[in-house]
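The values are calculated or read from the model by the stated rules, or taken from the named source; none is laboratory data. Everything numeric in this text was worked out from a predicted model, so none of it was measured. Neighbour counts run over all protein chains shown; Cβ positions are idealised from the backbone, glycine included. Ligands, DNA and RNA are stripped out before the accessible areas are found, and what is left, the full protein with its side chains, is counted by its heavy atoms. Shrake-Rupley method; radii C 1.70, N 1.55, O 1.52, S 1.80 Å.
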Amino acid sequence: QAQLVESGGGLAQAGGSLTLSCASSEAVFTRYAMGWFRQVPGKEREFVAGITGGSSMTSYDDSVKDRFTISRDNGKNTVYLQMNSLKPEDTAVYYCAQSSLSYPIVKSTFGSWGQGTQVTVSS
């Protein structure tokens, strides 16, 4: 099972930006779609964004569409989440996840998780 290590979380002001990174130890990184999820205390983990193994398709939750961008660098085994126009409701622990599929993006197929990184957005 791949090890996923997130970085880049922290504190931002509303309207600001942060970029999250997730490095994977997966031997054949392109074989798997990658995703970002987030969770706040007392709520279920929710899907934020996903990208297929070859980057041909991305998917976003409506709450982040047009503000967040997911991308990946298969040469570096890394997936990114660029977060712009941050809102206080984006405050959560963000998790990187690996799917068991390369394509398409199916939320239920994400089963390998990083340790999470905290994102806090102040108003």
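Have a look at TYR103, TYR94 and point out the one that is assigned to a loop (DSSP other than H, G, I, E, B) and in contact (Cβ under 8 Å) with a residue 60 or more places away in the chain.
Result of the check over TYR103, TYR94: TYR103.
Rundown of residues vs (1) surrounded by fewer than 17 Cβ atoms within 10 Å (Cβ to Cβ); (2) in a loop (DSSP other than H, G, I, E, B), yes/no style:
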site	(1), (2)
THR19	yes, no
LYS43	yes, yes
ALA49	no, no
LYS65	yes, yes
GLY75	yes, yes
GLN82	yes, no
LEU86	no, yes
GLY111	yes, no
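Quick check on my filter: what residues within the range 29-41 are in a strand (DSSP E or B) and crowded, with 18+ Cβ neighbours inside 10 Å?
Those that are in a strand (DSSP E or B) and crowded, with 18+ Cβ neighbours inside 10 Å: MET34, GLY35, TRP36, PHE37, ARG38.
How many residues does the range 52-82 contain that are of a type in the set (Ser, Thr, Tyr) and either farther than 22 Å from ALA27 by Cβ or in contact (Cβ under 8 Å) with a residue 60 or more places away in the chain (or both)?
Here is the first cut: in the range 52-82, the ones of a type in the set (Ser, Thr, Tyr) are 52, 55-56, 58-60, 63, 69, 71, 78, 80.
Of the ones still in play, those that are also either farther than 22 Å from ALA27 by Cβ or in contact (Cβ under 8 Å) with a residue 60 or more places away in the chain (or both) are 58-60, 63, 69, 80.
Qualifying residue count, the range 52-82: 6.
Kindly indicate which of SER55, SER123 is of a type in the set (Gly, Ala, Ser), open to solvent by 50 Å² or more (accessible area, probe 1.4 Å), closer than 30 Å to GLN13 by Cβ and modelled with pLDDT under 95. Write out each step before concluding.
Numbers: SER55 fails: closer than 30 Å to GLN13 by Cβ.
It is SER123.
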